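Heads up: the structure comes next, in structure tokens.
Every number in this text was worked out from the coordinates using simple rules, so none of it is lab data. All values reported here derive from a predicted model rather than from experimental measurement. Because the Cβ atoms are built from the backbone with ideal geometry, glycine has one as well, and the counts that use them run over all protein chains shown.
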Amino acid sequence: MKTIKLPPNHNRVISVTAKTIEEELNELEIVLTQKNNNSIIRKFIPSFSDEKRKYLIEKINALRKLNNTMFIELNLKSSEITEEQIVKGKIAYLWTVLIDSKANALKGYGDLPDDLAQILDSHIDTLLKTIEEMR
């Protein structure tokens, strides 16, 4: 296959586009194959027929091949990231979400009685402690 050399700025932008397409297709496939869709927090409700789901998965696979062809033909650049970088980034994000969920950070939503604030903060602190252990 003939490759095309894009200017560096265009290569970077389109590389990110290809990466985003790949990530979203992966997410769609997870949803449609019903892998890891249920939890206590979010209940997954299938709404497509098996035939429609199969059709969509076929289209996802076609899009993935087209995206890969574009990636190769345009000589786009792969990004490299270690699992440590991913884990540390996710841990930092979770830590931020939890800190912002402590009772004193929720004052903008109205007053929370002290007894409820203590219960909430106890749960948040337990989650934070476990997050800290992952560092």
| query | What net charge is computed for the residues neighbouring residue 52, neighbours being all others with C-beta under 14 Å from the C-beta of residue 52, Lys and Arg scored +1, Asp and Glu -1? | reply | 0
| task | Could you state the orientation-averaged shadow area of the convex hull built on the Cα atoms of the range 1-80, in nm² to one decimal? | result | 7.0 nm²
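Which whole-number percentage describes the relative contact order of the range 82-135, with Cα contacts under 8 Å and a sequence gap of 6 or more? Can you show the working numbers first?
Working: 23 pairs, mean separation 24.9, N = 54.
About 46 percent, as a whole number.
Under the Kirkwood approximation for Rh and a Cα-based Rg, what ratio Rg/Rh is obtained for the chain?
Working: Rg = 21.6 Å, Rh = 19.1 Å.
Rg/Rh: 1.13.
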| request: Apply the Karplus parameterisation 6.51 cos²θ - 1.76 cosθ + 1.60, with θ equal to phi minus 60°, to every residue of the range 8-17 and state each ³J(HN,Hα) to the nearest whole Hz, in sequence, with x for glycine and proline. | output: x, 5, 5, 4, 4, 5, 6, 4, 5, 4
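Just add up the charged neighbours of residue 76: K/R +1, D/E -1, any other residue whose Cβ is under 13 Å from the Cβ of residue 76. Don't skip to the answer; put the middle values down first.
Numbers: positive: 5, 12, 19, 77; negative: 22, 73.
Summing Lys and Arg as +1 and Asp and Glu as -1 gives +2.
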| Relative contact order %, the chain, counting alpha carbon pairs below 8 Å whose residues are six or more apart | 30 percent
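Find how much the distance from residue 61 to residue 11 grows on full extension, using 0.36 nm per residue of separation minus their present alpha carbon separation; answer in nm with one decimal.
Values: separation 50, 0.36 × 50 = 18.00 nm, distance 2.37 nm.
So the extension gain works out to 15.6 nm.
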